[in-house]
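A short worksheet on the structure shown next.
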Amino acid sequence: MFAQLKPVATDPILGLMAAYREDPNPQKVDLGVGVYKDEQGHTAVLKCVKEAEALRLKQEDSKTYIGMAGDLGFNSHIEKLAFGAAHQVLLANRVTTAHTPGGTGALRVAAEFIKRANPNATIWVTTPTWANHISLFQAAGLNVKEYAYYDYQTKGLQVEEMFADLAKVPAGDVVLVHACCHNPSGMDLNFEQWQRFTAIAKERGFTPLVDMAYQGFGVGLDEDAAGLRYLADQVPELILCSSCSKNFGLYRERIGAVSIVSADSKIMDIARVNLLSVVRSIYSMPPAHGAIIVGHILDSAELTALWYHELAEMRDRINSYRQLIIDKFAAEGITQDFSFITRQHGMFSFLGISKEQIDRLKAEFSIYMVGSSRVSIAGLNHSNIDYFAKAVATVLKG
């Protein structure tokens with residue numbers, strides 16, 4: 001049986017990671033992997049997580065299953081964090097949430113839930129989108145189409161093309177939209193564009209699927225969720241997939257959540273049963289550790305305040321490096337306009353350089369980025385920013 005298997009292409013990012021690890025150059029720079037790194041190039045455990053973890057280990061008295069929905073305290077916290085504690089969808093009991101193995105797990109559960117609700121649904125994703133979105137949805141048997149989003153020429157959004165595409169989406173289909181810190185472009189919808197998106201969703205009757213993997217990494221926790229909250233105010237139903245990998249630094253704990261917003265509490269009860277049935281058929285029960293850590297942090301005013309501070313430090317470091325990149329480029333005599341970098345949010349940016357220039361950066365300078373020219377801003381620090389700027393200047397000058 002196994003002899004019938006065919007080779008599968010390596011994920012470009014995983015291949016890039018392997019090449020970086022094997023590169024002996026002491027000046028090598030990894031700008032490919034979407035993981036936050038500090039000034040020392042290290043993905044450290046947050047102090048608030050350390051304290052919550054110590055409390056968790058002290059209080060834990062059982063290793064029994066926690067149920068298909070996961071930790072209910074975590075679920076309540078994540079709903080309030082996303083929608084706001086006083087949002088009408090929470091007050092009206094229209095939301096049901098299951099905590100999942102990471103944001104990727106949330107997306108896969110959402111895909112299977114969509115397939116159950118409407119087997120003929122097509123899911124529409126931005127051009128471009130996170131590389132794993134399409135394969136996740138196709139693995140669940142969903143048809144995937146794309147709508148216009150990023151303009152590679154202007155380094156901004158294809159606003160009118162995007163809304164023209166969305167105006168053609170049939171009722172019953174699903175449209176994926178990034179809540180903030182768009183991966184891979186860093187270009188987000190502004191609030192007026194969220195309003196237009198919402199109006200089209202209501203008019204056409206499609207269901208929004210909001211992927212919020214970076215809440216707090218863009219402008220702020222509330223600001224990054226403003227579009228989602230407005231959307232939830234206006235449409236009868238939506239799906240939210242969220243992650244604690246970035247904003248809590250819990251990458252390897254694999255903690256995320258999928259939330260279903262229904263038109264009323266009765267439909268929500270039916271949605272919950274189906275959501276848990278999907279969970280049961282995939283992994284049965286989620287891991288507990290990371291979710292309870294998040295719960296401990298958000299249960300404590302002191303730890304919550306510490307988390308806000310640490311999250312702001314990460315966000316501010318990324319944002320400061322966006323301007324620093326432009327300053328360093330200018331110092332190296334680069335005249336090409338890179339000002340778009342400061343109009344983006346989150347960890348990622350398309351530099352907009354050619355495949356040949358990307359290959360030269362890798363071959364001559366051991367600077368690693370994916371072929372689209374997407375870079376992870378968090379991979380830069382005080383010890384490599386000058387080297388990076390000089391290398392880019394060299395390849396741009398030919």
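The values are calculated or read from the model by the stated rules, or taken from the named source; none is laboratory data. All figures in this text were calculated on a predicted structure; none of them were measured in a lab. Methodologically, a virtual Cβ is constructed for each residue, glycine included, from the backbone with ideal geometry; neighbour enumeration extends over all protein chains shown. The area values use the complete protein model at the heavy-atom level, side chains included, leaving out ligands, DNA and RNA. Shrake-Rupley method; radii C 1.70, N 1.55, O 1.52, S 1.80 Å.
Would you please name the residue that is nearest to Phe338 (Cα to Cα), looking only at residues in segment 351-361 that are open to solvent by 10 Å² or more (accessible area, probe 1.4 Å) and either in contact with a helix residue (DSSP H, G or I) (Cβ under 8 Å, 6 or more places away or on another chain) or in contact (Cβ under 8 Å) with a residue 24 or more places away in the chain (or both)? Step by step, filter segment 351-361, then rank; the result is Gly352. The single residue among Ile267, Ile239, Ile292 that is modelled with pLDDT of 95 or more and either basic (Lys, Arg) or under 30 Å from Ser349 (Cα atoms) (or both) turns out to be Ile239. Picking from residues in segment 196-240 that are farther than 18 Å from Tyr147 by Cα and of a type in the set (S, T, N, Q), the one that is surrounded by the most Cβ atoms within 10 Å (Cβ to Cβ) is Gln215.
Taking first residues from segment 28-42 that are among the hydroxyl-bearing types (Ser, Thr, Tyr) and partners that are open to solvent by 40 Å² or more (accessible area, probe 1.4 Å) and at pLDDT 95 or above, the Cβ contacts under 8 Å between residues at least 6 apart in sequence or on separate chains come to Tyr36/Thr43. Of all residue pairs spaced 6 or more apart or on separate chains, those with beta-carbon atoms under 6 Å, a first member in segment 138-154 that is free of Cβ contacts under 8 Å to residues at least 12 places away in the same chain and a second member that is surrounded by 15 or more Cβ atoms within 10 Å (Cβ to Cβ) and part of a loop (DSSP other than H, G, I, E, B) are Asp151/Gln158. Go through the residues of segment 13-23 one by one and say whether even a single one is open to solvent by 40 Å² or more (accessible area, probe 1.4 Å), aliphatic (A, V, I, L, M) and free of Cβ contacts under 8 Å to residues at least 12 places away in the same chain. The answer is yes, given that some residue of segment 13-23 is open to solvent by 40 Å² or more (accessible area, probe 1.4 Å), aliphatic (A, V, I, L, M) and free of Cβ contacts under 8 Å to residues at least 12 places away in the same chain.
Contact annotation: residue pairs with Cβ atoms under 7 Å, 6 or more positions apart or on different chains, pairing a residue in segment 157-173 that is closer than 15 Å to Glu203 by Cβ with a partner that is of a type in the set (Lys, Arg), are Phe163/Arg196; Ala167/Arg204; Val169/Arg204; Ala171/Arg204.
Is it the case, given these coordinates, that Gly256 is in contact with a strand residue (DSSP E or B) (Cβ under 6 Å, 6 or more places away or on another chain), open to solvent by less than 40 Å² (accessible area, probe 1.4 Å) and in a strand (DSSP E or B)? When the stated conditions are applied, Gly256 passes them. With respect to the conditions (1) at pLDDT 95 or above; (2) out of contact with any Lys or Arg (no Cβ under 6 Å at 6 or more places or on another chain); (3) within 16 Å of Leu16 (Cα to Cα), Val370 falls short on a single one, namely (1).
Collect the residues in segment 304-340 that are in contact with a Leu (Cβ under 8 Å, 6 or more places away or on another chain), open to solvent by less than 10 Å² (accessible area, probe 1.4 Å) and either free of Cβ contacts under 8 Å to residues at least 60 places away in the same chain or not in a helix (DSSP H, G or I) (or both), keeping them in residue-number order. Once the filter is applied, which keeps residues that are in contact with a Leu (Cβ under 8 Å, 6 or more places away or on another chain), open to solvent by less than 10 Å² (accessible area, probe 1.4 Å) and either free of Cβ contacts under 8 Å to residues at least 60 places away in the same chain or not in a helix (DSSP H, G or I) (or both), segment 304-340 yields only Phe338.
Looking at segment 70-86, which of the residues that are open to solvent by 20 Å² or more (accessible area, probe 1.4 Å) and in a loop (DSSP other than H, G, I, E, B) is nearest to Cys244 (Cα to Cα)? My answer is Asp71. Taking segment 358-378 as the range and being in a helix (DSSP H, G or I) and more than 17 Å from Gly398 (Cα to Cα) as the test, the residues that pass are Ile377, Ala378. Strands (runs of 3 or more DSSP E) fully within segment 101-195 that include at least 2 residues being closer than 22 Å to Ser277 by Cα, of a type in the set (Gly, Ala, Ser) and open to solvent by 10 Å² or more (accessible area, probe 1.4 Å): none found.
For segment 110-147, a tally of residues being in contact with a Phe, Trp or Tyr (Cβ under 9 Å, 6 or more places away or on another chain), of a type in the set (Ser, Thr, Tyr) and more than 16 Å from Phe206 (Cβ to Cβ) returns 2. With the requirement that a residue be surrounded by 14 or more Cβ atoms within 10 Å (Cβ to Cβ) and either farther than 13 Å from Ala291 by Cα or not acidic (Asp, Glu) (or both), what does segment 49-69 give you? Of everything in segment 49-69, those that are surrounded by 14 or more Cβ atoms within 10 Å (Cβ to Cβ) and either farther than 13 Å from Ala291 by Cα or not acidic (Asp, Glu) (or both) turn out to be Val49, Glu51, Ala52, Leu55, Arg56, Ile66, Gly67, Met68, Ala69.
Taking the conditions exactly as written (of a type in the set (A, V, I, L, M, F, W, C), over 26 Å from Pro170 (Cβ atoms) and in contact (Cβ under 8 Å) with a residue 24 or more places away in the chain), does Ala92 satisfy them or not? Spelling it out, Ala92 is indeed of a type in the set (A, V, I, L, M, F, W, C), over 26 Å from Pro170 (Cβ atoms) and in contact (Cβ under 8 Å) with a residue 24 or more places away in the chain. If the condition is being in a helix (DSSP H, G or I) and open to solvent by less than 30 Å² (accessible area, probe 1.4 Å), then segment 38-48 contributes only Cys48. Scanning segment 1-25 for residues that are part of a helix (DSSP H, G or I) and more than 31 Å from the chain's Cα centre (by Cα) yields Phe2, Ala3, Gln4.
The residue list Val35, Val89 contains one member that is part of a loop (DSSP other than H, G, I, E, B) and either surrounded by 15 or more Cβ atoms within 10 Å (Cβ to Cβ) or modelled with pLDDT under 95 (or both), which is Val35.
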